[in-house]
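I have placed the structure first, in the form of structure tokens, so that the comments after it can refer back to it.
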Amino acid sequence: MAFEELRKTVQGRVLVSGDADYEAAAAAWNTAVTQRPAAVVEAAHAEDVAAVVRFARASGRAVVTQPTGHGATGAIESAILLRTGALNTVEVDAPARLARVGSGANWGQVQAAAAAHGLTGLAGSNPVVGVTGYTLGGGQGWFGRKHGWASDAVRAFEIVDAEGRAGRVTAESDAELFWALCGGGGDFAVVTAIEFELFPAPGLYGGRVLWPAVQSQRVWEAFRELTASAPDELSVWFHRLQPPQAPEMVALDVAYLGDPEQGRALTAAIDGIGGAMADKRGALSVADLGDICAEPTTPSPSLSRAELLTDLDDETVKVLLGEPIAPLINMQVRHLGGALARANSGAGARGPVAEPYLLYLLGLGLPQLREAVSHKRREIVDALGSHISGAKPYTFLIPGESAAAAFDAETIARLRAVKRARDPQNVIRANYPVLD
């Protein structure tokens, strides 16, 4: 068999079609996506990663790394799918405010470790999302308005390059590769660990407030009022929710990085809406950050689409509030701005985003719903017209979209130049490659 040599070389499992555990090992997190790679390798350690890359290079195959399966597109039939879930160590140096995290670790692990020292990482909304893929794509989360993209906090990458050589990359040791890895995606090297800055977490106030859909207009007005004057420490996200076989609802999610009493005062406008079905706001540990959105933590089928909104004027509001969202289950609007909009030092490919809001549309990816969900997504986006910019954060790309949508022309050209220089054989392939 073609992979017998690799089985003898690595300590982790090598699975091919027909093996008992192949289907489960190859599965994407989004079960609406089917992927059938030539083989799946479950790396036991960084040495296995290097061996896989060398084998792939010698045999003319590509390596696609997916620690958790998030972001999968399915287009990897001839590739080796590399799972790095076993590389899940989390080490916190509290005095230095640094974390070293293996490529298989998720944000829930990091936040639990950091919280014990009064610190936080720049985590997203779901604790089971892997740190590595999220960070390589920039990483936009609850504390981005205060501290920027997750990739801005990176201080070093431990990698295996396209020739199978292990190394450590910093802005000082290899400025161009470091720049590409900081938000440019996983197309340039296989990352086995990341070292990044942690930030003080003197307190956290957050949670979801939920109302019946009849309150949508008042909730939206509160959302616009809050986001128009929010300090960088405060993030507010708006939701229209349509659970299957249940009435439509509307929600606000809030997270304030600071004193909980100050957080409650800053979100007092919510209290005047009235009629809330549930109000879960309160003091939280950063280890419980995922409780705010309470997103699914097990694989499920979904169809999503993200767009960056240029404004929330009256025309935009008519589209976002005017019609039922079914068969979608969520229409979410995230407030961006703050540090996400300010130019960073130039150390990373994920530069500032000018658009003040992000629109995220989500539906179930069940076979009987896919056509209707896809139609509804297109209908909403088409109706928004010039109120969307066409740009997209890298980690929100979906199958059929290109990495070029996540970067301006100068940045994508530079990323492609790095790719051609560092991996001319295209051995390492991201879910969304920079080379079309």
What's the total number of residues in region 203-231 that are of a type in the set (K, R) and either surrounded by 18 or more Cβ atoms within 10 Å (Cβ to Cβ) or within 25 Å of the chain's Cα centre (by Cα) (or both)? 2
Considering only region 93-106, how many residues are surrounded by 24 or more Cβ atoms within 10 Å (Cβ to Cβ) and either touching a residue at least 60 places away in the same chain (Cβ under 8 Å) or in contact with a Cys (Cβ under 6 Å, 6 or more places away or on another chain) (or both)? 4
Considering only region 406-436, state which residues are in a helix (DSSP H, G or I) and either buried (at least 16 other Cβ atoms within 10 Å of the Cβ) or in contact with a His (Cβ under 6 Å, 6 or more places away or on another chain) (or both). A406, T411, I412, R414, L415, R416, V418, K419, R422
Can you name every one of the strands (runs of 3 or more DSSP E) wholly within region 54-130 that holds 1 or more residues which are among the small types (G, A, S) and in the same structural domain as D152 (by TED's automatic domain parsing)? 98-102
For region 1-30, enumerate the residues that are surrounded by 14 or more Cβ atoms within 10 Å (Cβ to Cβ) and among the aliphatic types (A, V, I, L, M). L6, V10, V14, L15, V16, A25, A26, A27, A28
Exactly one of V129, V63, V154, V110 is over 20 Å from the mean Cα position of the chain (by Cα), β-branched (V, I, T) and buried (at least 24 other Cβ atoms within 10 Å of the Cβ), and that one is V63
Counting only residues that are acidic (D, E) and in a loop (DSSP other than H, G, I, E, B), which one in region 265-322 is nearest to L336 (Cα to Cα)? D311
Has region 22-44 got at least one residue that is closer than 25 Å to A156 by Cβ, within 26 Å of the chain's Cα centre (by Cα) and part of a loop (DSSP other than H, G, I, E, B)? yes
Scan of region 338-375 for residues that are without any contact (Cβ under 8 Å) to a residue 60 or more places away in the chain, among the hydrophobic types (A, V, I, L, M, F, W, C) and within 24 Å of A404 (Cβ to Cβ), ordered by number: A341, A343, V353, A354, L359, L361
Check whether at least one residue in region 355-363 is part of a loop (DSSP other than H, G, I, E, B), in contact with a Phe, Trp or Tyr (Cβ under 9 Å, 6 or more places away or on another chain) and surrounded by fewer than 19 Cβ atoms within 10 Å (Cβ to Cβ), and report yes or no. no
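Residues are listed down the side, and each one gets a yes or a no for (1) farther than 24 Å from D291 by Cβ; (2) touching a residue at least 12 places away in the same chain (Cβ under 8 Å):
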| position | (1), (2) |
| --- | --- |
| F157 | yes, yes |
| A166 | yes, yes |
| E172 | yes, no |
| S235 | no, yes |
| V254 | no, yes |
Leading residue by the ranking (surrounded by the fewest Cβ atoms within 10 Å (Cβ to Cβ)) among those in region 232-261 that are on the phi < 0 side of the Ramachandran plot and of a type in the set (S, T, N, Q): Q242
Tell me, which residue of region 323-345 that is assigned to a helix (DSSP H, G or I) and under 18 Å from the mean Cα position of the chain (by Cα) is surrounded by the fewest Cβ atoms within 10 Å (Cβ to Cβ)? A341
Result of the Cβ filter at 8 Å on region 390-401, keeping first residues that are under 22 Å from Q35 (Cβ atoms) and partners that are of a type in the set (F, W, Y) and not in a loop (DSSP other than H, G, I, E, B), at least 6 apart or interchain, is T395/Y134; F396/Y360
In region 66-82, what residues are over 17 Å from K8 (Cβ atoms), buried (at least 21 other Cβ atoms within 10 Å of the Cβ) and in contact with a helix residue (DSSP H, G or I) (Cβ under 7 Å, 6 or more places away or on another chain)? P67, G71, L81, L82
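The values are calculated or read from the model by the stated rules, or taken from the named source; none is laboratory data. As the structure is a prediction and not an experimental result, all values here were calculated from the model. Glycine also receives a Cβ, built like all others from the backbone with ideal geometry; neighbour counts cover every protein chain displayed.
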